[in-house]
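The values are calculated or read from the model by the stated rules, or taken from the named source; none is laboratory data. Not measured: the values here are computed from a predicted model. Positions of Cβ are backbone-derived with ideal geometry, glycine not excepted, and every protein chain shown enters the neighbour counts.
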Amino acid sequence: MRLPQRNDRGRLDVTMTPMIDVVFLLLVFFIWTSSFQAPEDSLPATLSMQGSNMEVEDVEPRDDAEEPIVIKVLAAVGGPSWSVRDTLFQSRDELESFLQTLSAVDNQLPVILDIDGEAGIGEAVKVYDLSRRAGFSRIQFAASVPVRQ
């Protein structure tokens, strides 16, 4: 760092460049470390203004452990059949329209594909693609656990 220097009149001159650099670095540091998410949005709260006639409703927090959508693919003699929440579908088009309806309600629900061993990997991929086209992104495969005796 440079020391202040005397000019020809005997006055000390202070250079501003190092101070501006430090202020700029502090500004950049505080911008990078700040969070722009308002903490009020993450907590459920009901606020009413004094003198308002609005009724206050209790807000139920969203349960993250919602029931997943389980798609069972069953191997049959005439071709595969699909079952979702005890509803049997005979064609992929019916299954796709049902999945699109569910996705319009909440596409963040987890989808679990329970593929019968006799159905084949091709059918598993087709049902996976149907789920993706419907708008679901959390798709998992069910695994069977062998029973030990």
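Quick look at the numbers
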{"item": "In segment 68-112, the residues that are modelled with pLDDT under 80 and of a type in the set (V, I, T)", "result": "V77"}
{"item": "Residue in segment 103-117 that is touching a Pro at 6+ places or on another chain (Cβ under 9 Å), outside any strand (DSSP E or B) and loosely packed, with under 14 Cβ neighbours inside 10 Å present", "result": "no"}
{"item": "Qualifying positions in segment 71-91 - crowded, with 16+ Cβ neighbours inside 10 Å and either part of a strand (DSSP E or B) or of a type in the set (V, I, T) (or both)", "result": "I71, K72, V73, S81, W82, V84, F89"}
{"item": "Pick from segment 127-144, criterion aliphatic (A, V, I, L, M) and outside any loop (DSSP other than H, G, I, E, B), ranking: farthest from K72 (Cα to Cα)", "result": "A134"}
